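Asker: One structure follows; several queries about it will come next.
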Amino acid sequence: MLKPADFFDLTKFEFRDMFKNVEYAWDALKGLEGYVKRRLKPGIYGSIMDGAIVSDNVYIGKGTIVEPGAFISGPAIIGDNSIVRHGAYIRENVIAGNGVILGHCCEFKNSILFNESNVPHFAYVGNSILGWRSHLGAGVKISNIKLNQEPIVINIEGMRYETGLVKFGAIIGDEAEIGCDSVLNPGSLIGKRSRLYTNISWRGYCPPDSIVKLKQEHEIVSKEGRK
């Protein structure tokens, strides 16, 4: 239920070996920094537009475009045919596969983005793993640390999983959709193909092929009646 293969089709990712001998999906984050150091061979093979800033310890694949105003500090690996949009901020230890959208005014750190994952607008992605063709709506925030800064524990059906991580945002499975302005609290697990509706504050485990709805009540009052 919580293994990497339960969330991701590993055949769709060049860097699948980082999940070798990993028991729980989040354990891959523990070795991310070392993995990036081993795999990174800096080089620019895509297009860096005027006004973008790319540090020396960054790999940019063929066909990838980095738009003006983007800042990639690295170390980071970004695959082929991806796009880093205006205002994106890519910090340390980020691996993005092929065909990824790293969007306008989005920030990324210590995260893994599978091929064709899509983070187009105003999002924060920290200490997280986003699966193949997953999508974050505009304004989604992944909270990656508890207010008391204690290690993150996940509780599922009476089972307690101690992650050993103080910083851990979310595991988002292949083709999962997170609605606009939602917040994923530390240690959130979203199964394959699941959908969270707009403005949800989520905590815990969402099984695959699920829909999480937010029900609100609205009252319409006549302006005349309010006088």
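Asker: When Lys and Arg each count +1 and Asp and Glu each count -1, what net charge do the other residues less than 15 Å away from residue 177, Cβ to Cβ, add up to? Kindly include the intermediate steps, with their values, before the conclusion.
Answerer: On the way: positive: 133, 192, 193, 195, 213; negative: 116, 174, 175, 181, 209.
Taking every Cβ under 15 Å from that of residue 177, the sum is 0.
Asker: Which residue, 163, 61, 2, has the largest displacement toward the positive end of the dipole of the chain when charges sit on each Cβ (Lys, Arg +1; Asp, Glu -1)?
Answerer: 163
Asker: Just check the stretch 71-227 against the gyration tensor rule for me: Cα atoms, a ≥ b ≥ c as the square roots of the eigenvalues, rounded for a/c under 1.5, and otherwise prolate or oblate depending on whether a/b exceeds b/c. Don't skip to the answer; put the middle values down first.
Answerer: Numbers: a/c = 1.80, a/b = 1.30, b/c = 1.38.
Because a/c hits 1.5 or more and a/b fails to exceed b/c, the stretch 71-227 counts as oblate.
Asker: May I ask for the net charge around residue 196, where only other residues with Cβ less than 10 Å from the Cβ of residue 196 are counted and Lys, Arg are +1 while Asp, Glu are -1? Don't skip to the end; give the middle numbers.
Answerer: Working: positive: 195, 213; negative: 177.
My count for the surroundings of residue 196 gives +1.
Asker: How high is the relative contact order of the chain? Use alpha-carbon pairs under 8 Å, at least six apart in sequence, and give a whole percent. Don't skip to the end; give the middle numbers.
Answerer: Details: 680 pairs, mean separation 27.0, N = 227.
About 12 percent, as a whole number.
Asker: Between residue 92 and residue 198, what length in nm is gained on full extension when 0.36 nm per residue of separation is reduced by their alpha carbon distance? Let's see the in-between values first.
Answerer: Values: separation 106, 0.36 × 106 = 38.16 nm, distance 2.91 nm.
So the chain would gain 35.3 nm between residue 92 and residue 198.
Asker: For the chain, what does the helix formula give at 222 nm: sum of -39500 (n - 2.57) over DSSP H segments with n ≥ 4, over the residue count, nearest 500 deg cm²/dmol?
Answerer: When only DSSP H runs of four or more count, the value is -1000 deg cm²/dmol.
Asker: Separate question: What longest region of the chain stays clear of GluC sites (Glu not before Pro) that DSSP places outside H, G, I, E and B and that have at most 12 other Cβ atoms within 10 Å? Don't skip to the answer; put the middle values down first.
Answerer: Values: sites that count: 23, 157, 217, 219.
Between the exposed loop sites, the longest stretch runs 24-156.
Asker: Provide the per residue accessible area, probe 1.4 Å, for the chain, rounded to a whole number of square angstrom.
Answerer: Numbers: 11400 Å² over 227 residues.
Dividing the accessible area of the chain by its residue count gives 50 Å².
Asker: Another question, then. Using a 1.4 angstrom probe on heavy atoms only, work out the carbon and sulfur share of the accessible area of the chain in %. All intermediate terms of the calculation are to be shown ahead of the outcome.
Answerer: Values: 5500 of 11400 Å².
Carbon with sulfur: 48 percent of the solvent-accessible area.
Asker: Using a cut-off of 11 Å between beta-carbons, work out the net charge of the residues near residue 88 (Lys and Arg +1, Asp and Glu -1, residue 88 not included). Let's see the in-between values first.
Answerer: Details: positive: 85, 91; negative: 67, 107.
Here the count lands on 0.
Asker: Using a Gaussian network model on the chain with a 10 Å cutoff between Cα atoms, which of 71, 114, 168 fluctuates the most?
Answerer: Result for the chain, Cα springs under 10 Å: 71 fluctuates most.
Asker: Sticking with this one: In debye, nearest 20: dipole of the chain around its Cα centre with unit charges on the Cβ of K, R (+) and D, E (-)?
Answerer: Working: 27 positive and 25 negative charges, 44 e Å.
Rounded to the nearest 20 debye, it is 200 debye.
Asker: Here's another thing I want to ask about it. Which shape class, rounded, prolate or oblate, goes with the stretch 40-112 when its Cα gyration tensor gives a ≥ b ≥ c as root eigenvalues, a/c under 1.5 marks rounded, and past that a/b bigger than b/c marks prolate? Mind dumping the intermediate values first?
Answerer: Working: a/c = 1.21, a/b = 1.06, b/c = 1.14.
Cα axes put the stretch 40-112 in the rounded bin.
Asker: Using a Gaussian network model on the chain with a 10 Å cutoff between Cα atoms, which of 44, 178, 156 fluctuates the most?
Answerer: Looking only at 44, 178, 156, the largest GNM fluctuation is found for 156.
Asker: Now a separate question. Classify the stretch 98-145 as rounded, prolate or oblate, taking a ≥ b ≥ c as the square roots of the eigenvalues of its Cα gyration tensor: rounded when a/c is under 1.5, otherwise prolate if a/b is larger than b/c and oblate if not.
Answerer: Numbers: a/c = 1.75, a/b = 1.18, b/c = 1.49.
Oblate shape, in that a/c is at least 1.5 and b/c is the bigger or equal ratio.
The values are calculated or read from the model by the stated rules, or taken from the named source; none is laboratory data. Values in this document were obtained by computation on a predicted structure and should not be read as measured data. Every residue, glycine among them, receives a Cβ derived from its backbone with ideal geometry; neighbour counts consider all protein chains shown. These accessible areas exclude ligands, DNA and RNA; they are computed on the full protein's heavy atoms, side chains included. Shrake-Rupley method; radii C 1.70, N 1.55, O 1.52, S 1.80 Å.
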